[in-house]
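The values are calculated or read from the model by the stated rules, or taken from the named source; none is laboratory data. As the structure is a prediction and not an experimental result, all values here were calculated from the model. Neighbour counts run over all protein chains shown; Cβ positions are idealised from the backbone, glycine included. In case anyone asks, the SASA skips ligands and DNA or RNA and just uses the protein heavy atoms, side chains included. Shrake-Rupley method; radii C 1.70, N 1.55, O 1.52, S 1.80 Å.
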Amino acid sequence: HQIPIIYITGCDREGKRANIGYEVGAVDYILKPINMEFLLSKVRVFVNLYNKKKGLENEISKRTESESELKKANQNIKSIIDGVSECVCAFNKIGNLEAINAAGLHLLGMDKNENVLGSKFSQWVLPSDKAIYLKAFKVACLGKEVSVQISLQTVKNEIRTIDLNIVPFRIGKEIKKLIGLAIDITEKENG
């Protein structure tokens, strides 16, 4: 803990040598004769500054700890979602992918290292099903859970039929994202 030093002088009425005191660690000075009310006022100011500094340090420490815990929780959630065998993805309200798990990338014919974040999911929807998808997406943006059956064309030019559920994700009353769960039913459709 650093103790604030206030030096007392009787010979520097114009403050010309104040820098010397500051250079050796003083935070302020007062002139003789000592006015006790003035001295107590200065001490109160430094005590308040110290308490505010400690409060800020504690707040920073708590926030750092919370951020660390949140980061760990997000990593755990990501590993769980990546372990799910169905496609799980998150869209923003204009239809861009913000997150997609490994099964989702596989469904689109990609390996898990490919980055599709920021792209429109609709680019993989077959033209014949695009209107169905866009209508379902708009309904989800209005706050309702929607289920549709659509077909996708993968990057490997394979046609996949999926059951897609789109669920609004709210924080409070505001819809922040849309969460998609896609189940590949191609084998059922063809079998």
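Summary of computed values
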{"item": "Qualifying residue in the stretch 162-182 (condition: among the charged types (D, E, K, R), touching a helix residue (DSSP H, G or I) at 6+ places or on another chain (Cβ under 9 Å) and either free of Cβ contacts under 8 Å to residues at least 24 places away in the same chain or open to solvent by less than 90 Å² (accessible area, probe 1.4 Å) (or both))", "result": "no"}
{"item": "Number of the condition not met by residue 168 [criteria: (1) under 29 Å from the mean Cα position of the chain (by Cα); (2) under 14 Å from residue 185 (Cα atoms)]", "result": "(2)"}
{"item": "Hits in the stretch 161-183 - residues which are at pLDDT below 95, in a strand (DSSP E or B) and charged (D, E, K, R)", "result": "170, 174, 176, 177"}
{"item": "Cβ pairs under 8 Å, 6+ apart, first in the stretch 50-79 and under 23 Å from residue 27 (Cα atoms), second not in a helix (DSSP H, G or I) and not aromatic (Phe, Trp, Tyr)", "result": "50/4"}
{"item": "Out of 144, 135, sole residue that is open to solvent by 20 Å² or more (accessible area, probe 1.4 Å), within 25 Å of residue 188 (Cβ to Cβ) and either modelled with pLDDT of 95 or more or not in a strand (DSSP E or B) (or both)", "result": "135"}
